[in-house]
Amino acid sequence: MFKTITLLKRRPGLTMAEFIDYYETRHRVIGEKYLRGSATRYVRRFLHSFPNPLTGEVIEPEHDVVMEIWFPDRETFETTMASLAAPEIAAEISEDEERVFDRAKNRMFTVEEHESDLG
């Protein structure tokens, strides 16, 4: 398996509820359209702040969602990324991202996972 993690920040002016609603009803659909058939999983994990139990201070996270995408292997990932760079696909994705994300703050990583068996 080959996995990517992308940290995404919502566009200023969007509440967290508006951001989640837009992402899950519109942007997710675009992702699914172009990931179907190559990615094996596509997960969004929305981050919510909460008060520090010791100080009561609430600190907003730097990002609003952790997006995870799994591919069967690196080659499939690279082929998929190349297809997403096609001008008409890149334009569709970019135009929608402008509506929902603060794109300058977004970060993407590839991941090497090591999991502990706690059983």
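The values are calculated or read from the model by the stated rules, or taken from the named source; none is laboratory data. All of these numbers come straight from a predicted model, not from anything done at the bench. Because the Cβ atoms are built from the backbone with ideal geometry, glycine has one as well, and the counts that use them run over all protein chains shown. Note: accessible area is taken over every heavy atom of the protein model, side chains too, but ligands, DNA and RNA are not part of it. Shrake-Rupley method; radii C 1.70, N 1.55, O 1.52, S 1.80 Å.
Quick notes on this structure:
- Filter pass, Gly56 being assigned to a loop (DSSP other than H, G, I, E, B) and open to solvent by 60 Å² or more (accessible area, probe 1.4 Å): no
- Number of positions in the range 59-87 that are more than 14 Å from Met108 (Cβ to Cβ) and open to solvent by 50 Å² or more (accessible area, probe 1.4 Å): 11
- Residue check for Ile30: open to solvent by less than 30 Å² (accessible area, probe 1.4 Å), at pLDDT 95 or above, among the hydrophobic types (A, V, I, L, M, F, W, C) and not in a strand (DSSP E or B): yes
- Of all residues in the range 1-29, those that are closer than 27 Å to Glu113 by Cα have Cβ atoms under 7 Å from Cβ atoms of residues that are assigned to a helix (DSSP H, G or I) and open to solvent by 40 Å² or more (accessible area, probe 1.4 Å), 6 or more apart or on another chain, in Phe2/Arg74; Lys9/Lys105.
- In the range 42-53, the residues that are farther than 14 Å from Phe19 by Cβ and of a type outside the set (Val, Ile, Thr) reach residues that are outside any loop (DSSP other than H, G, I, E, B) and at pLDDT below 95 with C-beta atoms within less than 8 angstrom, at least six apart or across chains, in these pairs: Phe50/Val58; Pro51/Val58; Asn52/Val58.
- Any hit, the range 69-78, residues being within 14 Å of the chain's Cα centre (by Cα) and at pLDDT 95 or above: yes
- Ser94 in a loop (DSSP other than H, G, I, E, B) and exposed (fewer than 12 other Cβ atoms within 10 Å of the Cβ): no
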